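Inspection log for the structure reproduced underneath, given as structure tokens.
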Amino acid sequence: MQVYKALFKIIHKNLPQITIYIFSFLVVAVIMSNVGSNPANADFSETRVNIAFFSYDDSALSDGLESSLSNITNMIDIPDDREKLQDALFFREVEYIVRVPKGFAEDLMKGKDVKIEKIAVPGSVSEVYLDNVINKYINTAKMYISNMKGLSDKQLTDFVMKDLEQKAEVKLIRKVEEVSKSQKVGYHFNYMAYSLFAVLILGVSTVMLVFNKKDLRNRNLCSPITPKSMNTQLILGNLSYAVLAWLIMIMPSLFMFGSFMFTAKGMFFLINSLVFSLSALCISFLISILVKGPGAISAAANVISLGSSFISGVLVPQELLGSTVLRIGSFTPTYWYVKSNNIIAGMTELTLRNITPVLYNMLIVFGFAVASIAVALVVTKQKRTA
Amino acid sequence: MIIKVNNLVKRYDDLIALDHFNLEVKEGEIFGLLGPNGSGKTTAINCILSLLKYDKGTIEVYGRPMAPDAYDIKRNIGIIMQNVAVFDELTVYENIDYFCGMYIKDKKKRRELVEEAIEFVELDSFRKFLPKKLSGGLLRRLNIACGIAHKPKLIILDEPTVAVDPQSRRKILEGIRKLNDDGATIVYTSHYMEEVEEICTRIAIMDKGKVIALGTKDELKGMINSGEKITVEILEHNPDILEGVRSLPNIVSAEFNDNMLVAKSRRGKNNLSALLEYLRSSQINVGRIYSEPPTLNDVFLEITGKELRDHA
Ligand SMILES: Nc1ncnc2c1ncn2[C@@H]1O[C@H](COP(=O)(O)OP(=O)(O)O)[C@@H](O)[C@H]1O
Ligand SMILES: [Mg+2]
């Protein structure tokens, strides 16, 4: 295990540089958790969100929705004008806009599919909450329509209103708190992509650059160690390093979010980040073959980890990025990792159907790992024959 | 025969680095491979170690064909590369332990061997140092310790004294002798003829990828026509004596260098006494007298027509 041991000594010597990234992650993680904590944990009725409500349907059902929303939000009076609304959203004058279309009540009572248009600040806690309230309203109405034939618009609304008053509130608040917490965990894990990637590129490239140095390589080739043993030790070493780096990086989440990390959702965050680590490890291995010197390593670590984070929605939410940027971002595993985190964070219920896209994304992230190794093998083969 | 190389040909594109190179190294000798920079010494060593593919020829070590996967052969070779090959991130001790550990698995035995190697190259007070903190000479000694810690029976040193201070050079040469005394067969490459003359029992002189002369240093010197170089201090300067000296049998050339008469002789007996006899009979007072036997440089010069000396 000489090679394995030497590998960790090399990492050890480069620890100061690596620690910077771990430390910066810690600082940001702590800051973000403090910033985000108050509104989510406070009593919900005190923090009413501003919304805009437009109804083009003259019906009791529409009025009912308006009044049940007004109980839990501040309705802001602004004209239904595209530009004005966009400004209002941007400056957070409103966080949620509801538009009830004409014929809403009529369609609903005929059993047709109805759509309430909504625009929201992406990823906000209130979005999830209000989506829930509206869905509940419509679903309750649908339930009455299908079970009690011949109800008038007014009767239906009365039933729905009474129903919702009784049970909705408490249950929803619990859900909202849960979602807002997992949203916070989601941000935390998203941001981890940057530091984890940088740490892996730095470590793996530094080590591989040493072992690939021509003189040392030749010297190692003179000794009676088989290439198989050499490679096994290097792979094992890098893998251990990646798992170790991952363990260190998830530590803060265990301290900060505690038992949440041991719920099914928490586990998915952890598994997702582990899969991402392995993928980043393989990409780092490829980078280590391509870079020439120590200077290039830290440049690569910065550019690749930061760049991929930026275009994949780590620093700026994916919803706010242009479609071209996202399309480029989708060529990095970070994009799919972040996407998964966002899905996990937004889930109100953990079902197979909810989780399938996450598993699918993990498969893509894993695909990046396989592809990088394949390219790395081709490149090394070409280098050897050149 | 420890090493047997037969008609080795190695090309780098148009350049023929080894041109039907032959070599036989016997057990227990210090074999010198002497040649100017670029003559193909390192290429030959790297081929012998299976680090390079070659175009033609055969290489046997310990009587068996050498190959990249001949691990039992590799286990018994100690290699000191021309370029220092150590880990910058590992200390002196850790470096020696790493390379020794490639050969010796037993931890206790390895610790002893590493300690011995440290003592051997006298790096005891530097054991915790990183290679970057070592001077050129100490670094070379670390490189050697890494190569010999596992006590190999065959030790190959490729220019181990390049860019080394005289003190370290002395130590390195003494060390090589000692390794040989302890039973190791040594292959030593250098472009410094003085070193090779000093320690090697047999010498192959290389030029342009070929061995151009082979033998002990005396055998090599016996191969050429030049004899000793005689230098005599002439107390009264008299240009006429040059003619007389030049006409002596066996004297090839005679020059004045200030008041020193420098005469080069052909191989033969009594050259010095004949010259002195002539000077005395011409009643010329002489001061100091030196006689230098031919050097390997003379051998190289006579065979190739160029100097071996490193003018850099
Ligand atoms: N990798 C290489 N590619 C092309 N030419 C090389 C290479 N390595 C060595 N050579 C050439 O081969 C010749 C022998 O080099 P080398 O074996 O290093 O000589 P020495 O060790 O005696 O100084 C030199 O002319 C050198 O330029
Ligand atoms: Mg050389």
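The values are calculated or read from the model by the stated rules, or taken from the named source; none is laboratory data. Treat the numbers as computed from the prediction; the structure is a model and nothing was measured. Don't worry about glycine lacking a Cβ; one is built from the backbone with ideal geometry, like all the others, and counts go over all protein chains shown. The protein model used for the area step is the full one, side chains on, heavy atoms only, and it has no ligands, DNA or RNA in it. Shrake-Rupley method; radii C 1.70, N 1.55, O 1.52, S 1.80 Å.
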Check: Is it fair to say A:Tyr360 is surrounded by fewer than 16 Cβ atoms within 10 Å (Cβ to Cβ) and in a helix (DSSP H, G or I)?
Finding: yes
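So which of B:Asn83, B:Asn22, B:Asn46 is open to solvent by 50 Å² or more (accessible area, probe 1.4 Å), out of contact with any Gly (no Cβ under 8 Å at 6 or more places or on another chain) and within 16 Å of ligand 2 (Cβ to nearest atom)?
Testing whether each residue is open to solvent by 50 Å² or more (accessible area, probe 1.4 Å), out of contact with any Gly (no Cβ under 8 Å at 6 or more places or on another chain) and within 16 Å of ligand 2 (Cβ to nearest atom) leaves just B:Asn83.
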Next item on the list: Assess whether B:Ile30 counts as being surrounded by 14 or more Cβ atoms within 10 Å (Cβ to Cβ) and either near ligand 1 (Cβ under 9 Å from one of its atoms) or away from every other protein chain (no Cβ under 14 Å) (or both).
Entry: yes
Notebook entry, point to check: Pick from segment A:3-17 the residues that are touching a residue at least 24 places away in the same chain (Cβ under 8 Å) and assigned to a helix (DSSP H, G or I): which of them is farthest from B:Phe99 (Cα to Cα)?
Noted result: A:Gln17
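To keep it simple, each residue is scored yes or no on (1) within 17 Å of A:Tyr194 (Cβ to Cβ); (2) assigned to a loop (DSSP other than H, G, I, E, B); (3) open to solvent by less than 40 Å² (accessible area, probe 1.4 Å).
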position: A:Gly313; (1), (2), (3): yes, yes, yes
position: A:Glu319; (1), (2), (3): no, no, no
position: A:Thr324; (1), (2), (3): no, no, no
position: A:Trp336; (1), (2), (3): yes, no, no
position: A:Asn341; (1), (2), (3): yes, no, yes
position: A:Ile344; (1), (2), (3): no, no, yes
position: A:Leu350; (1), (2), (3): no, yes, no
position: A:Thr356; (1), (2), (3): no, no, no
Next item on the list: Look at B:Ala204 and say whether it is within 13 Å of ligand 1 (Cβ to nearest atom) and under 23 Å from B:Lys306 (Cα atoms).
Entry: yes
Next item on the list: Would you mind stating whether B:Gly137 is within 18 Å of B:Tyr93 (Cβ to Cβ), open to solvent by less than 10 Å² (accessible area, probe 1.4 Å) and in the same structural domain as B:Lys74 (by TED's automatic domain parsing)?
Entry: no
Item checked: Enumeration of residues in segment B:86-108 that are farther than 20 Å from A:Lys214 by Cβ, open to solvent by 40 Å² or more (accessible area, probe 1.4 Å) and at the interface with another protein chain (Cβ under 8 Å from one of its Cβ atoms) -> B:Glu94
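For B:Val25, are the conditions met, namely being more than 16 Å from ligand 1 (Cβ to nearest atom) and closer than 30 Å to B:Lys128 by Cβ?
In short, no.
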Next item on the list: Of all residues in segment B:49-70, count the ones that are at the interface with chain A (Cβ under 9 Å from one of its Cβ atoms), open to solvent by 30 Å² or more (accessible area, probe 1.4 Å) and either at pLDDT 95 or above or within 16 Å of ligand 2 (Cβ to nearest atom) (or both).
Entry: 1
Check: Which members of segment B:173-202 meet the condition of being among the aliphatic types (A, V, I, L, M), away from ligand 2 (no atom under 16 Å from the Cβ) and in a helix (DSSP H, G or I)?
Finding: B:Leu173, B:Ile176, B:Leu179, B:Ile199
Next item on the list: Quickly run through segment A:40-75 and pick out the residues that are surrounded by fewer than 14 Cβ atoms within 10 Å (Cβ to Cβ), at pLDDT below 80 and not hydroxyl-bearing (Ser, Thr, Tyr).
Entry: A:Asn41, A:Ala42, A:Asp43, A:Glu46
Checklist line | Pick from segment A:199-225, criterion open to solvent by less than 20 Å² (accessible area, probe 1.4 Å) and closer than 24 Å to B:Ile73 by Cα, ranking: farthest from the other protein chains (Cβ to nearest Cβ) | finding: A:Phe211
Checklist line | Number of positions in segment B:63-95 that are of a type in the set (Phe, Trp, Tyr) and either farther than 15 Å from A:Asn220 by Cα or within 16 Å of ligand 1 (Cβ to nearest atom) (or both) | finding: 1
